[in-house]
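Data first, discussion second: the structure below is written as structure tokens.
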Amino acid sequence: MRLEVRHLELVVAIADCGSLRKAAARLHLTQPAVTTQLKRIEQHLGGALFVRSREGVRLTANGTDFVQEARSVLTRLVTLERVTRRNAHSSGAPTRLAGIPAYHFGLLVSALKGDATSRTVKETGTLTALLTAGEIDLAVMRRFPGTGLTLPPNVGHRLLTREPLFVAVPDSHPYAREPEIPLAALAGDSWVMPEPDDSGMNAHFARECTAAGFEQRIAHRSGEAHVALTLIRSCGAVCPLYPVGGTPAGVARLPVTGNPLVREVVLAWRLDAPIAGEIDELCARVAAGYRELVRESEVYERWWRAGGEAFATRS
């Protein structure tokens, strides 16, 4: 036989897990298959790599050396794959973009002048993994107070916008005709909220409601805007609403007094991506496009002119 990458991965998995059974589960193999393969590897190498016992397995001196070298080889293979993919993605290839389905995402695609491929991804962890692996060049990410972004050293990031989160209430709500609403005034309302995810949005809302003196009463779970708006009109519920965009009939969009609810929209990029040298220009284009969207929203424009611009651009 000849040693192959799968053989190295098998031995490293056994060393990491400390048992053949756990290694088999990690590798999605049966325990007999792992046992047979390990015996073949040890026979090929001419010596035992592990000492078996009822408690599991432990490395021999020979096995310790083997695992150390195997890890090094596997790391170099990952690096080789990443570098090859990066080189294949030459400066003439489209920029690869992924991110949350925010208005900034569309603005960024437009700023790239059509020379891009894109996909929407909500999960912060998934976007970070895609950047780390070199699967994408740029990502539009979100950050809520209390939940930071942990990005690898080869990824840069910059704030695009610090957005207030408004609330949507039915037009029969006592505050529907007011210029803003205190968060405490929503203590008796039923909320529509998305399912909790790794962005920290739900935890941020819960903390702010507690600080305002009440426990948020979540009656409905949906991440779909049309569902949430239907529940507002038909059930009298309330929900968070991003400030950009139109407001449908039967619904009032209100700033929250003091802007306690906020998200930051962040642009992250691989430092070795061809587009890295154009980040300043891209951010300027996105900022200009976003300001146009602000002007199209009467409520947001009024908030912006009343001092919101400094809030939105503060890093």
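Each reported figure results from applying straightforward, stated rules to the coordinates on display, with no laboratory input. Predicted model, so just to flag it, every value in this text is computed and none were measured. Please note: Cβ atoms are built from the backbone with ideal geometry, for glycine as well, and neighbour counts cover all protein chains shown.
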Tell me, how many Å apart are the Cα centres for the range 1-72 and for the range 218-271? 52
Which of the lysines could a cross-linker bridge to K113, judged by Cα under 25 Å and excluding same-chain residues fewer than eight apart? K122
Förster radius 41 Å - calculated FRET efficiency between A206 and D272 (Cβ-Cβ, nearest 0.05): 0.60
Amide H of A252 versus every other amide H placed in the peptide plane: which residues, excluding those fewer than 5 positions away on the same chain, fall under 5 Å? V169, D171
List the residues, sorted by chain then number, that are 5 or more residues from F50 or on another chain and whose placed amide H is less than 5 Å from its amide H. T60
Which value, in debye to the nearest 20, describes the size of the charge dipole of the range 186-315 about its Cα centre when Lys and Arg Cβ atoms bear +1, Asp and Glu Cβ atoms bear -1, and nothing else is charged? 420
Which helices, counted as full DSSP H runs in the chain, have an axial Cα extent of no less than 27 Å and a Kyte-Doolittle average of -0.5 or above? 61-88
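For the range 103-206, which trypsin sites (Lys or Arg not before Pro) pass both filters: DSSP loop (anything but H, G, I, E, B) and at most 13 other C-beta atoms within 10 Å?
Numbers: sites: K113, R119, K122, R142, R143, R158, R162, R177; in loops: K113, K122, R177.
Passing sites in the range 103-206 are K113, R177.
Quote the charge dipole size of the chain about the Cα centre in Debye, to the nearest 20; the model charges only the Cβ of Lys and Arg (+1) and of Asp and Glu (-1).
Numbers: 37 positive and 33 negative charges, 200 e Å.
Roughly 960 debye for the chain.
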Could you give the length gained by full extension between V73 and K39, i.e. 0.36 nm per residue of separation minus their alpha carbon distance, to one decimal place? 10.1 nm
For the chain, percent of DSSP beta bridges that are antiparallel (nearest 5) comes out at 65
